[in-house]
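**Q** Just passing along the structure, written as structure tokens.
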């Protein structure tokens with residue numbers, strides 16, 4: 001069999017998170033490892049009402065094959081929401097529905113990357129993006145992520161030297177760190193890119209989940225000609241329905257994404273598109289989101305308080321103003337991968353730093369998720385982790 | 001932009017069918033072009049009952065992230081149905097849910113194909129498969145499809161000469177021809193492949209849609225070690241939910257498909273998987289399918305009768321015993337692509353032969369779909385097409 005497999009698949013790293021999900025099935029384990037939204041974010045009863053309404057109103061259209069780019073009504077809704085919130089100038093043709101954001105990452109890799117093309121990522125970056133792009137065998141360049149976003153000096157230097165196709169960034173509540181880009185960094189990136197033929201991909205799954213501070217404008221959307229903005233309903237309505245989207249004002253990019261999508265899954269689930277559109281137009285989504293962010297503020301607060309109490313003083317961590325994660329930095333030389341079996345024994349799990357880096361091992365950092373456990377459980381989990389940290393450092 | 005695009009996407013042909021769907025929106029046009037199942041196949045009311053039941057019973061599980069291989073209950077149901085119908089020996093771990101069969105094609109291309117690897121297809125073959133595999137830049141070998149299936153002499157010769165990774169075949173009611181493989185051809189292919197390290201992909205979206213004759217056993221499933229069987233609920237429950245599946249007893253193949261799927265869309269819509277599983281276990285699917293096949297028998301009969309009446313005698317066509325398509329062969333030298341604008345004027349459309357071949361132009365054949373119009377409309381459409389054929393030949 002080995003000789004029948006493609007080089008591509010041999011070079012695609014399996015996801016640590018997916019393999020850990022099985023471990024985390026033990027009900028006694030407190031998991032900070034997943035990236036699961038809290039079930040409070042699924043408006044089950046209203047979705048059921050919407051189901052009844054769309055089947056009654058649209059009948060067989062909800063069940064038949066449909067167009068690749070997605071339901072025009074949903075795309076128009078998305079365009080208008082972004083126009084209103086961010087002063088953009090979009091119409092439905094600037095929006096393409098994807099089978100979750102993961103498919104958007106895959107399609108982006110597909111249409112841009114030849115083997116050994118350059119891709120710039122944050123350091124650390126989202127492991128699902130590393131996995132998706134790896135399938136196309138690029139050369140990765142990871143650029144240090146500071147408290148203010150990507151190190152722009154390093155970015156500029158990297159762009160001068162190499163055959164870069166695109167930059168992938170998560171400017172708000174970054175995965176895995178929870179950090180957000182400052183206005184200064186955003187402007188510097190715009191200045192660096194404005195005369196270059198390089199695509200900027202801004203992935204924004206968490207922007208709506210802000211519970212502190214003020215939202216800043218996107219870096220590329222509406223400002224750079226080769227700009228792609230990614231969004232999703234996974235964190236605000238339901239991830240199980242796999243409904244994400246790509247926004248771009250560059251028609252050539254969307255045409256090629258659409259062609260790749262046609263060859264990859266024809267179109268995304270049309271029932272879910274009708275459903276989410278109907279839900280959004282019959283309910284107050286901003287009010288729904290405010291319930292989610294109130295809960296996440298409480299949960300992240302519980303985690304930060306517990307870390308203050310139970311973590312040794314040498315341990316550093318980020319203080320997110322939104323999103324689902326925070327990032328813990330251990331003393332140098334302490335490997336979070338090596339610690340992992342001991343954490344499992346103490347019945348608490350996290351994602352070690354390694355999968356967020358390309359080619360690094362035994363990283364002294366870990367990602368913690370705070371959205372999927374109540375405050376008491378979070379405190380208990382951090383207490384267990386704190387004891388372990390005292391043992392190993 | 002052009003210089004930023006991958007070679008892969010530049011070599012992926014756009015789908016003729018998808019581009020034609022827009023044209024076919026004119027209500028006066030009679031379309032034999034699409035591959036749309038008849039809406040009778042969507043059990044809308046029973047699906048709505050299932051929706052209410054699963055939201056009530058499984059709650060947030062229907063809306064949360066889920067595992068890549070798919071809902072174990074649905075996979076177990078599929079395994080048992082195939083065991084019962086075909087004497088196979090499957091369990092849920094032999095089944096992996098895909099986002100429609102199109103994703104299965106993409107994932108198969110992804111895990112097996114390096115650039116210039118060989119792929120064997122029927123001649124003609126399904127255009128969506130050509131499109132999916134093209135993304136991985138293989139070398140295609142098309143093998144003549146006879147009334148009894150793939151020409152096995154030509155198959156054997158091709159296998160001796162080249163670096164073939166897999167064979168892609170649709171042995172029952174093939175798309176585009178409607179032809180099925182004889183038992184003799186099936187056995188010959190088994191004999192040819194049994195000692196070779198080559199994957200056989202049997203795509204079976206239409207097998208359940210038999211309205212004449214007797215079903216024959218699969219070629220590879222349960223018999224060849226590197227066998228992949230593809231199936232879907234698109235033709236029997238709903239295509240809009242994008243729920244297909246891959247069956248294989250080769251754990252190494254499924255492990256790699258799962259890894260590629262994880263990187264491509266994490267997992268398929270879990271709500272739809274609960275829904276289809278609940279529908280299947282609370283309703284009589286065989287009875288539901290018998291309603292679909294009764295209708296398709298009537299519709300294909302109407303098309304054949306009309307062709308008998310209205311087509312010039314030189315025109316040849318297949319007589320399908322199931323499925324959704326038949327294949328019309330025009331006199332040599334008559335290009336169905338060239339005829340297409342005139343057909344559009346006469347308000348009847350079909351899929352020209354060209355996209356079912358790799359690198360052929362002005363083919364003297366066309367695919368007709370009979371499942372999505374009533375018998376009267378079919379007769380009228382064939383009458384229009386008959387007049388046009390009289391004009392051009």
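The values are calculated or read from the model by the stated rules, or taken from the named source; none is laboratory data. These numbers come from a predicted model, not from an experiment. As a convention, Cβ positions derive from the backbone with ideal geometry for all residues, glycine included, and neighbour counts pool all protein chains shown.
**Q** All but one of (1) on the phi < 0 side of the Ramachandran plot; (2) more than 8 Å from chain A (Cβ to nearest Cβ) hold for residue B:6, so report the exception by its number.
**A** Status for residue B:6: all satisfied but (2).
**Q** Out of the helices (runs of 4 or more DSSP H) lying entirely within the range A:103-194, which hold 2 or more residues that are closer than 28 Å to residue A:264 by Cβ, in contact (Cβ under 8 Å) with a residue 40 or more places away in the chain and within 14 Å of another protein chain (Cβ to nearest Cβ)? Can you show your working first?
**A** Working: elements: A:127-134, A:152-161, A:183-193.
Result: A:127-134.
**Q** Scan the range B:229-256 residue by residue and report those that are over 19 Å from residue B:274 (Cβ atoms), more than 9 Å from chain A (Cβ to nearest Cβ) and touching a strand residue (DSSP E or B) at 6+ places or on another chain (Cβ under 9 Å).
**A** B:229, B:230, B:246, B:247, B:248, B:249, B:254 - these are the residues of the range B:229-256 that are over 19 Å from residue B:274 (Cβ atoms), more than 9 Å from chain A (Cβ to nearest Cβ) and touching a strand residue (DSSP E or B) at 6+ places or on another chain (Cβ under 9 Å).
**Q** Considering each of B:132, B:79, B:33 in turn, give the residue that is touching a helix residue (DSSP H, G or I) at 6+ places or on another chain (Cβ under 9 Å), buried (at least 22 other Cβ atoms within 10 Å of the Cβ) and modelled with pLDDT of 95 or more.
**A** So the residue among B:132, B:79, B:33 that is touching a helix residue (DSSP H, G or I) at 6+ places or on another chain (Cβ under 9 Å), buried (at least 22 other Cβ atoms within 10 Å of the Cβ) and modelled with pLDDT of 95 or more is B:132.
**Q** Moving on to the next point. Out of all the residues in the range B:198-219, which are over 17 Å from the mean Cα position of the chain (by Cα) and within 19 Å of residue B:133 (Cβ to Cβ)?
**A** B:198, B:199
**Q** May I pose another question? Any idea which residue in the range B:315-329 is farthest from the chain's Cα centre (by Cα), counting only those that are under 13 Å from residue B:365 (Cβ atoms) and not in a strand (DSSP E or B)?
**A** Only one residue fits best here, namely B:315.
**Q** Then there's this: Anything in the range B:374-393 that is in contact with a helix residue (DSSP H, G or I) (Cβ under 8 Å, 6 or more places away or on another chain) and at pLDDT below 95? List them, or say none.
**A** Those that are in contact with a helix residue (DSSP H, G or I) (Cβ under 8 Å, 6 or more places away or on another chain) and at pLDDT below 95: B:391, B:392.
**Q** Could you tell me which numbered condition residue A:321 fails, if it satisfies all but one of (1) touching a helix residue (DSSP H, G or I) at 6+ places or on another chain (Cβ under 6 Å); (2) crowded, with 17+ Cβ neighbours inside 10 Å; (3) more than 21 Å from residue A:73 (Cα to Cα)?
**A** It is condition (1) that residue A:321 fails.
**Q** The conditions are (1) surrounded by fewer than 19 Cβ atoms within 10 Å (Cβ to Cβ); (2) part of a loop (DSSP other than H, G, I, E, B); (3) modelled with pLDDT of 95 or more, and residue A:26 fails exactly one of them. Which is it?
**A** (3)
**Q** If you don't mind, there's one more thing I want to ask. Select from the range B:43-67 the residues that are crowded, with 23+ Cβ neighbours inside 10 Å and part of a loop (DSSP other than H, G, I, E, B) and list them in ascending order.
**A** Hits for the range B:43-67 are B:63, B:66.
**Q** Do you know which residues across the range B:259-272 are part of a helix (DSSP H, G or I) and at the interface with another protein chain (Cβ under 9 Å from one of its Cβ atoms)? First the steps, then the outcome.
**A** Within the range B:259-272, the first condition is being part of a helix (DSSP H, G or I), and the residues that meet it are B:259-265, B:270-272.
Those that are part of a helix (DSSP H, G or I) and at the interface with another protein chain (Cβ under 9 Å from one of its Cβ atoms): B:259, B:260, B:262, B:263, B:264, B:265, B:270, B:271, B:272.
**Q** Another question about this same structure. Since residue A:278 meets every condition but one in (1) surrounded by 20 or more Cβ atoms within 10 Å (Cβ to Cβ); (2) part of a loop (DSSP other than H, G, I, E, B); (3) over 20 Å from the mean Cα position of the chain (by Cα), which condition does it not meet?
**A** (2)
**Q** When both residues are 6+ apart or on different chains and their Cβ atoms are under 9 Å apart, which pairs have a first residue that lies in the range B:235-246 and is under 15 Å from residue B:270 (Cα atoms), and a second that is in a strand (DSSP E or B) and modelled with pLDDT under 95?
**A** none
**Q** Which residues, counting only those in the range B:82-102, are buried (at least 20 other Cβ atoms within 10 Å of the Cβ), part of a helix (DSSP H, G or I) and within 14 Å of another protein chain (Cβ to nearest Cβ)? So that I can check it myself, show each step before the final result.
**A** We begin by selecting, within the range B:82-102, every residue buried (at least 20 other Cβ atoms within 10 Å of the Cβ); these are B:82, B:88, B:90, B:94-102.
Still in the list and also part of a helix (DSSP H, G or I): B:82, B:94, B:100-102.
Correct list: B:100, B:101, B:102.
**Q** Right, next: Among the residues of the range A:58-80, what is the count of those that are away from chain B (no Cβ under 11 Å) and either in contact (Cβ under 8 Å) with a residue 40 or more places away in the chain or within 23 Å of residue A:256 (Cα to Cα) (or both)?
**A** Here the count works out to 9.
**Q** For the range B:279-302, does any single residue satisfy the condition of being touching a helix residue (DSSP H, G or I) at 6+ places or on another chain (Cβ under 8 Å), touching a residue at least 60 places away in the same chain (Cβ under 8 Å) and closer than 25 Å to residue A:101 by Cβ?
**A** no
**Q** Check whether at least one residue in the range B:285-298 is closer than 19 Å to residue B:349 by Cα, within 20 Å of the chain's Cα centre (by Cα) and not assigned by TED's automatic domain parsing to the domain that holds residue B:93, and report yes or no.
**A** Within the range B:285-298, the first condition is being closer than 19 Å to residue B:349 by Cα, and the residues that meet it are none.
Taking every residue of the range B:285-298 in turn, none turns out to be closer than 19 Å to residue B:349 by Cα, within 20 Å of the chain's Cα centre (by Cα) and not assigned by TED's automatic domain parsing to the domain that holds residue B:93.
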